[in-house]
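Notes follow once the structure below has been shown.
What follows is calculated from the coordinates using simple rules that are stated; it is not laboratory data. Keep in mind that this is a model prediction, so the values were computed, not measured. FYI the Cβ positions are ideal-geometry reconstructions off the backbone, even for glycines, and counts take in every protein chain you see.
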Amino acid sequence: MLSALALDGRIKLSFEVAEYYRQYLRWKHTSADLMRDRKGRWWLHVVMETDTPKCEPINQVVGVDLGIATPAVDSNGNKYGSGHWKQVEDRTFELRRRLQSKGTKSAKRHLKKLSGRQKRFRKDCDHVLSKCLVQFVESGAILVFEDLTNIRGRAKIRKAQRRRLHGWSFAQFQVFVIYKAEANGVKVGFVDPRYTSQKCSQCGHVERGNRPTQADFRCNKCGFECHADYNASMNIRDDFLRHRAAVNQPIVSADNFG
């Protein structure tokens, strides 16, 4: 039951909770907002919180590369996401371009609706992708991603793929991954993204020519070949392990060299 203060005094309203969200009713209620959408429907947005589960760390570190063609590939060789997502984005892009070329009032109204629909679609894709990644690993494991802060200014990619990169909300995806991982007892780490796509995960050779196409990786030094995103995910995992080992090195005192 919802108790709300109206102009004529306080009123009580009943509301429904979808079956999926009933699992959160045991959590602590912190705040709520009553909102009305453009269709005149009322929605109650309730914020709930719970303690982070305590899990013993395990020896499982999984690197994840977020790609343009394939949404995500991990260092175990698993692919996540759907090819259908790219098809929807391509159709939306073409429709947006046609509407922009018309410039009529009707086209502008359609563009506004299209923008909202595309935003909701991308948000749903981020939810699905982050949930799949977190559920695949065990509690106590570590998921490692590239630090994509300012990636739009740093990345050098083909013109055909540029619009997809600039249209992706990396910050939104990162937030989804972190809170879903925390709820499942999974840790999240980040590494420097430089050269993860150009470096050979087997011999360490770095060269732009190692990646002849978006999907293929072929080392010009040792000849190692694999899917380019899979190679990058292994580099992400190994870079994190090297950095963690360096940080955790014991301090050597001068007495040890006497």
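Would you list, by chain and number, the aspartates and glutamates whose Cα falls below 16 Å from the Cα of K221, excluding same-chain residues fewer than 8 positions away?
Within reach: E207.
Nearest 500 deg cm²/dmol is fine: what mean residue ellipticity at 222 nm does the chain get from its DSSP H runs of n ≥ 4 alone, each adding -39,500 (n - 2.57), divided by its residue count?
Details: 6 runs with 98 residues, N = 258.
After summing the helix terms and dividing by the residues of the chain, the value is -12500 deg cm²/dmol.
Quote the charge dipole size of the chain about the Cα centre in Debye, to the nearest 20; the model charges only the Cβ of Lys and Arg (+1) and of Asp and Glu (-1).
On the way: 47 positive and 27 negative charges, 456 e Å.
Computed charge dipole of the chain: roughly 2180 debye.
Could you give the angle, 0 to 90 degrees to the nearest 10, between helix 170-183's Cα long axis and the longest principal axis of the Cα atoms of the chain?
The helix 170-183 is inclined about 90 degrees to the chain.
Using only alpha carbon positions, build the gyration tensor of the stretch 2-49, then give the equivalent ellipsoid semi-axes as the square roots of 5 times its eigenvalues, largest first, whole angstrom. Let's see the in-between values first.
Numbers: eigenvalues 90, 41, 20 Å².
Equivalent-ellipsoid dimensions as semi-axes: 21, 14, 10 Å.
Looking at L95, Q135, A181, which one has the Cα that reaches farthest to the positive end of the dipole of the chain (charges on Cβ: Lys, Arg +1; Asp, Glu -1)?
Farthest towards the positive end: L95.
Can you put S233, S75, S139 in order of Cβ neighbours within 10 angstrom, beginning with the fewest? Display every interim value, and only then the final one.
Details: S233 29, S75 21, S139 16.
Taking fewest neighbouring Cβ atoms as first place, the list is S139, S75, S233.
Could you tell me how many degrees, from 0 to 90 and to the nearest 10, lie between the Cα long axis of helix 105-136 and the main elongation axis, the longest principal axis, of the Cα atoms of the chain?
50
Per 10 Å bin, what is the whole-percent P(r) computed from every C-alpha pair distance within the stretch 61-247?
Calculated P(r), rounded to whole percents: 9, 33, 34, 17, 7, 1.
Could you grab the relative contact order for the chain? Cα pairs under 8 Å, six or more apart, rounded to a whole percent. Intermediate values should be presented prior to the final figure.
Working: 321 pairs, mean separation 48.5, N = 258.
Contact order relative to length: 19 percent.
By counting other Cβ atoms within 10 Å of each Cβ, how are L241, L13, L143 ranked from fewest to most?
Working: L241 16, L13 12, L143 27.
Exposure proxy ranking, most exposed first: L13, L241, L143.
Can you give the net charge of the other residues whose Cβ lies under 12 Å from the Cβ of K79, counting K and R as +1 and D and E as -1? Don't skip to the end; give the middle numbers.
Working: positive: none; negative: D65, D74, D229.
Here the charged neighbours net out to -3.
Compute the long axis of helix 228-247 from its Cα atoms, compare it with the longest principal axis of the Cα atoms of the chain, and write down the angle in degrees, 0 to 90, nearest 10.
So the inclination is approximately 80 degrees.
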